[in-house]
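The values are calculated or read from the model by the stated rules, or taken from the named source; none is laboratory data. Bear in mind that the values here come from a model prediction, so they are computed numbers and not experimental data. Note: ideal-geometry Cβ built from the backbone for every residue, glycine included; neighbour counts use all protein chains shown.
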Amino acid sequence: MVLDAIEANKARIIALGNELLNTPETAFKEIKSSAIIKRELTSLGLPCREGLAITGLRADLQTGRDGPTIAILGELDAIRVPSHPFADNVTGAAHACGHHAQGTAMIGAAIGLSAAGVKESLSGNVAFIAVPAEEAQPAEYYADFLREGRLRATSGKAQLILEGVFDDVCAAMLIHVSTAHGIAAGYNGLVSREFTFHGKAAHAGLCPENGVNALSMLRCAMAMMDAQRENQNPADHIRIHGIINQGGLAENIIPEKAVLSLLVRAKTIDALEDAAAMTERCAKGAALAFGGKVSIATTPGYLPMHQSPALTAIHKANFARIAPDIPFADQPHRGSSTDMGDLSTIISAIHPNSAGASGTQHGSDFIITDPEAAYVTSAKLLAMNTIDLLYGNGDAARALSIEKPVLTREAYRQRWQ
Ligand SMILES: [Zn+2]
Ligand SMILES: [Zn+2]
C-alpha cells in the first residue's frame, strides 16, 4: 500500500524535487524551502512546528498507539557555487550537494506512510524533520545569529539537539544523493581552530632586529604540525588542513600579526581531541620560541558519524528487496564530516547514499540525472525502513535500545557548554 501510494504520486514527487532544486538557499536562511516543505506536510494533514533552529520544521505522523518515535530527516540548505547551472543569480547558492533530494524523499515517504489504512499497522510516531544548515560556513557567516542569541550551535542538527527537538526520538535517518548506492563505514568529526600569532612590527630593511615576526611563528607552527603527521595512526583518519588568513600588511614591515585557520578532522572524539591538542602545542611552542604570543579560537564543528548496525541491516535488506539487480556498496570510512554525526552520537542513526546524481559533489557539474533513483527510490526506502521499525508494536525500534550511545543527550549538551 505504501509503495503503491509513492508510485502513484511519482510525478508530484519529481515536481517537488525540481521546485526545491530551483529554490537554493544557504544555512539558516532556507525560508522559501522551509515554506515549500510546510505546504507539502500540511497538505498531508500533518501540522508543523515551525521556527526550529530558525528555519527547521517538524511534523509528526501519530499512529495513536504507544511506541517509539523515529525521525526521517531532510536537509534544507544549499551551498555557494555561483557557476552551477541552477545557482541563484543573486546569492550564488546552488544545490551542488543535492540536499533538495532529501526533502523530496522525506515528503515522498510521508505521502506513502500517510496513505489510508497504513498507520493502523504501526505503533509510535514518525517525525518528519526539515533540518537547516548541514554545510559549514565561514565564521563570520554565523556572527549575527550567535550575537542575537538565535543560535548556540553553528550546524542545524546540533542546534536542534540543543533545542530538545530530538529528545523523544530514538532513531534518525536520511538518504544523501550521490553517484552510487551504498553506505560509508563512517565520517570524520571536525573542529575548527583559528590561531592568531602576535609579534612586533619593525622596518624589515632598516632595523629588523627590533621586530618579532608573527609570520615566522606561523610557518614554524605549521612545520611542526606537518612533522607530526608521521606519528599519527592511519586508523584515526586524521586530516588537518587550512589557510593563512593574514600573513602581514606590507613586505617592508616585520609582520606583527599572522592568522592561521585550520580544520582538524578525525574518526573518533579522542583522536579529534588529541589532534586538536597537538596543533595547539605547536602554535604555543612556536610563539614561545620567538618570544611572541598566540591567541586561539576554537569552534565546535561536527562529531564523528557512527552508522547504526541495526538500521544499516534494515536499509540494506530493503534495498535488496526493491532493487535486487543493483549493487549496494559498503563504502570505506570518509574523511569528510556531517552533523548527522552529532545525532549518531546520542541516538541510532544512518546516513546512506543513493545514486541519481552525476558530477563532483560541491562542484558546478553536480546535478540530478536520475530523478527516479534520487527522489522516488529514496522515498520508498525511507518508508520501508520506517515500517520495519514501527510495524506491530514497534519491536524493531524498541530493540534499538541495545545500541548504546557514545554520549547521553545531557553529556552532549554539557560538551557544548
Ligand atoms: Zn555538502
Ligand atoms: Zn551534503
Next item on the list: Go through (1) within 24 Å of the chain's Cα centre (by Cα); (2) assigned to a helix (DSSP H, G or I) and name the single condition residue 3 misses.
Entry: (1)
Note to self: Condition first: of a type in the set (Phe, Trp, Tyr), at pLDDT 95 or above and not in a loop (DSSP other than H, G, I, E, B). Can you find one or more residues in the range 324-347 that meet it?
What the structure shows: no
Note to self: I'd like to check which strands (runs of 3 or more DSSP E) are fully inside the range 146-257 and have at least 1 residues that are at pLDDT below 95.
What the structure shows: 189-198, 239-246
Notebook entry, point to check: If the Cβ limit is 7 Å and pairs must be 6+ apart or interchain, which residue in the range 117-137 that is closer than 28 Å to residue 395 by Cβ and within 14 Å of ligand 1 (Cβ to nearest atom) pairs with which residue that is outside any strand (DSSP E or B) and of a type in the set (D, E, K, R)?
Noted result: 131/157
Checklist line | Failed condition for residue 101, given (1) surrounded by 23 or more Cβ atoms within 10 Å (Cβ to Cβ); (2) within 16 Å of ligand 2 (Cβ to nearest atom); (3) more than 18 Å from residue 13 (Cβ to Cβ); (4) of a type in the set (A, V, I, L, M) | finding: (3)
Next item on the list: Give the residue, chosen from 295, 337, that is more than 30 Å from residue 109 (Cβ to Cβ) and either touching a Lys or Arg at 6+ places or on another chain (Cβ under 8 Å) or assigned by TED's automatic domain parsing to the domain that holds residue 223 (or both).
Entry: 295
Note to self: If I ask for residues that are touching a residue at least 12 places away in the same chain (Cβ under 8 Å) and over 24 Å from residue 157 (Cβ atoms), which ones from the range 285-316 would you list?
What the structure shows: 285, 286, 287, 289, 290, 291, 292, 293, 294, 295, 296
Checklist line | Number of the exception - residue 347 against (1) more than 15 Å from ligand 2 (Cβ to nearest atom); (2) within 19 Å of the chain's Cα centre (by Cα); (3) closer than 20 Å to residue 77 by Cα | finding: (3)
Margin query: Based on this model, can you work out whether residue 90 counts as free of Cβ contacts under 8 Å to residues at least 40 places away in the same chain and more than 11 Å from ligand 1 (Cβ to nearest atom)?
Written below: yes
